[in-house]
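Since the structure comes first, as structure tokens, the remarks are kept for the end.
The values are calculated or read from the model by the stated rules, or taken from the named source; none is laboratory data. Because the structure is a prediction, the values reported are computed rather than measured. FYI the Cβ positions are ideal-geometry reconstructions off the backbone, even for glycines, and counts take in every protein chain you see. Accessible surface areas use protein heavy atoms only, side chains included; no ligands, DNA or RNA. Shrake-Rupley method; radii C 1.70, N 1.55, O 1.52, S 1.80 Å.
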Amino acid sequence: MILAGLRLIVKDQRGITLVELLVAITLVGLLSGGIAGMISQVLTISTRASNHMVAVRQVQQAGKEISKDILQAQGLELGISSGFPLTLTWIEWETGPSWETGPSHEVTYTLENMSGGLKKLQRSHSVSNNGTTTETTSVIAQYIDPAETSFVPSDGAFIFTVTASVGSGPYEGRETREYKVKRRPG
């Protein structure tokens, strides 16, 4: 009796036609392609945003360090190429019973080669005090576009324009900032 019931179910069922199978495969393919495209777009946007944030941080760091040193500088010497190398000098004053000169500082900013035509902004700082000189060199910013980076005098101040470019193509993050810095009165 049970076997007879199974035969009826199997006998009355129809199989999937080739057209239905092709439609199902096409729909699954379209959905998979759409999902893969969305994932790719999200990854592209995320990478571009990340690269842009790195570029923003680089120009902020460059502006902060150069502005800080310009405010202290008593002497300033601009290089030939867009103001670089930039050399700043100053002497600290010692406080006490008599005003005496303290350590002398010399800071030089240079643009050093990186891959892809970009440069890194390097800061070399030497301090001379009582016949002893100490020197330190550090990288202030990376991914600097030298074609769009300059340090030029303007109306009693200096305009420091810096551009950082991270990544390439659809993943490129680019930031340009302009800093107007006045030297301390002296």
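Given the structure, is Gln72 open to solvent by less than 50 Å² (accessible area, probe 1.4 Å) and in contact with a Phe, Trp or Tyr (Cβ under 9 Å, 6 or more places away or on another chain)? Walk me through how you get there before you give the answer.
Values: open to solvent by less than 50 Å² (accessible area, probe 1.4 Å): no; in contact with a Phe, Trp or Tyr (Cβ under 9 Å, 6 or more places away or on another chain): yes.
No, not satisfied.
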Discussion item. For the list (1) assigned to a strand (DSSP E or B); (2) closer than 17 Å to Ala55 by Cα, I need the number of the one condition that Gly116 fails.
Written reply: (1)
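Which of the residues belonging to segment 33-56 are among the hydrophobic types (A, V, I, L, M, F, W, C), open to solvent by less than 70 Å² (accessible area, probe 1.4 Å) and farther than 29 Å from Ile144 by Cβ? Walk me through how you get there before you give the answer.
Restricting attention to segment 33-56, the residues satisfying the condition of being among the hydrophobic types (A, V, I, L, M, F, W, C) are 35-36, 38-39, 42-43, 45, 49, 53-56.
From what's left, open to solvent by less than 70 Å² (accessible area, probe 1.4 Å): 36, 49, 54-56.
Of everything in segment 33-56, just one residue is among the hydrophobic types (A, V, I, L, M, F, W, C), open to solvent by less than 70 Å² (accessible area, probe 1.4 Å) and farther than 29 Å from Ile144 by Cβ, namely Ala36.
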Item to complete: Report whether or not Val54 is farther than 30 Å from Arg184 by Cα, hydrophobic (A, V, I, L, M, F, W, C), part of a helix (DSSP H, G or I) and touching a strand residue (DSSP E or B) at 6+ places or on another chain (Cβ under 7 Å).
Response: yes
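Residues in segment 79-88: is at least one surrounded by fewer than 10 Cβ atoms within 10 Å (Cβ to Cβ), over 21 Å from Gln60 (Cβ atoms) and without any contact (Cβ under 8 Å) to a residue 40 or more places away in the chain? Please lay out each step first, then the result.
Of the residues in segment 79-88, the ones surrounded by fewer than 10 Cβ atoms within 10 Å (Cβ to Cβ) are 80.
With the extra rule that they be over 21 Å from Gln60 (Cβ atoms), the set shrinks to 80.
Next, only the ones that are without any contact (Cβ under 8 Å) to a residue 40 or more places away in the chain stay: 80.
Within segment 79-88, one or more residues are surrounded by fewer than 10 Cβ atoms within 10 Å (Cβ to Cβ), over 21 Å from Gln60 (Cβ atoms) and without any contact (Cβ under 8 Å) to a residue 40 or more places away in the chain.
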Worksheet, complete the sentence: Residue pairs qualifying under the 7 Å Cβ cut-off, at least six apart or on distinct chains, with the first in segment 53-64 being over 19 Å from Ile159 (Cα atoms) and the second being in a helix (DSSP H, G or I) and open to solvent by 20 Å² or more (accessible area, probe 1.4 Å), are none
Item to complete: For Thr26, state whether it is part of a helix (DSSP H, G or I), of a type in the set (Ser, Thr, Tyr) and surrounded by fewer than 11 Cβ atoms within 10 Å (Cβ to Cβ).
Response: yes
Fill in: Elements of type strands (runs of 3 or more DSSP E) in segment 123-186, at least 1 residues being open to solvent by 70 Å² or more (accessible area, probe 1.4 Å) and touching a residue at least 24 places away in the same chain (Cβ under 8 Å)
132-144, 150-154, 173-181
